[in-house]
Amino acid sequence: MILHKETAQKTAELLLQINAIKLQPQNPFTWASGWKSPIYCDNRITLSYPTIRNYLREQMAKQVEECYGKPDAIAGVATGAIGIGMLVADYLNVPFCYVRPEAKKHGRQNQIEGHVEKGSNVVVIEDLISTGKSSLMAVGALKEAGVNVKGMLAIFSYGFDTAVENFTKNEVTLNTLSDYKNLLIQAEKSNYISADETAVLSQWRENPATWNPVVNS
């Protein structure tokens with residue numbers, strides 16, 4: 001869910017400015033799943049831009065409190081959300097931990113790195129939501145550790161129906177600073193893409209598995 005339209009579109013603009021999000025409807029990317037995609041998102045790039053990372057940190061911290069109240073701790077999803085999660089925790093002056101996709105095979109064999117008290121209220125920070133499966137695995141690990149997960153906040157979501165279904169099924173509340181719908185609005189407004197390209201990008205969002213890139217010249 002998007003809380004603030006203005007924040008959603010400003011976030012999209014900032015991500016476009018630094019190429020954290022690239023839109024290439026005429027020359028699509030190929031995802032690991034084999035899908036052809038007109039968008040590529042790597043929000044880790046934001047950490048290299050102090051002004052932008054500070055904006056994201058402050059907006060995420062404010063929305064954490066607005067949506068869930070001040071948590072006892074922040075948990076980041078490894079590896080993409082470790083950086084931004086730590087920044088949010090620092091802004092809120094609360095402890096931070098991060099969750100690996102699976103427990104380490106050696107040493108202490110931790111899946112959760114850092115100290116988090118059982119019964120504490122935790123908000124999970126994520127950088128990007130596609131289907132939500134890896135994000136929800138992190139939530140599951142925290143719950144198994146006896147933590148009360150209040151919800152999740154991400155920088156960006158593609159807004160796939162399957163993600164909505166997965167979060168609903170697992171009874172986890174998800175909010176994001178920005179999403180695909182607001183990205184397209186801002187990208188066209190700022191002349192990153194044409195109206196025809198917006199139409200093509202909208203079609204991909206409706207059925208990414210079978211999308212065929214055709215853009216009018």
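Filtered by the rule that a residue be within 20 Å of N43 (Cβ to Cβ) and touching a Cys at 6+ places or on another chain (Cβ under 6 Å), segment 107-155 gives a lone residue, L128. Is it true that some residue in segment 3-11 is modelled with pLDDT of 95 or more, out of contact with any Lys or Arg (no Cβ under 8 Å at 6 or more places or on another chain), open to solvent by 20 Å² or more (accessible area, probe 1.4 Å) and under 16 Å from L128 (Cβ atoms)? Within segment 3-11 (the criterion being modelled with pLDDT of 95 or more, out of contact with any Lys or Arg (no Cβ under 8 Å at 6 or more places or on another chain), open to solvent by 20 Å² or more (accessible area, probe 1.4 Å) and under 16 Å from L128 (Cβ atoms)), the answer is no, since none of the residues qualifies.
So which strands (runs of 3 or more DSSP E) stay within segment 52-131 end to end and still have 1 or more residues that are at pLDDT 95 or above and of a type in the set (D, E, K, R)? Explain how you work it out, then say what you get.
Details: elements: 73-77, 96-99, 121-129.
Ranges flagged: 121-129.
Filtered by the rule that a residue be open to solvent by 30 Å² or more (accessible area, probe 1.4 Å), aliphatic (A, V, I, L, M) and touching a helix residue (DSSP H, G or I) at 6+ places or on another chain (Cβ under 8 Å), segment 12-51 gives L23, L47. Checking each residue in segment 159-217 for being polar (S, T, N, Q), part of a loop (DSSP other than H, G, I, E, B) and under 28 Å from Y55 (Cα atoms) picks out T173, S190, N191, S194.
The values are calculated or read from the model by the stated rules, or taken from the named source; none is laboratory data. For clarity, every value in this text was computed on a predicted model and none was experimentally measured. Note that each Cβ is placed from the backbone with ideal geometry, even for glycine, and that neighbours are counted across all protein chains shown. Note: accessible area is taken over every heavy atom of the protein model, side chains too, but ligands, DNA and RNA are not part of it. Shrake-Rupley method; radii C 1.70, N 1.55, O 1.52, S 1.80 Å.
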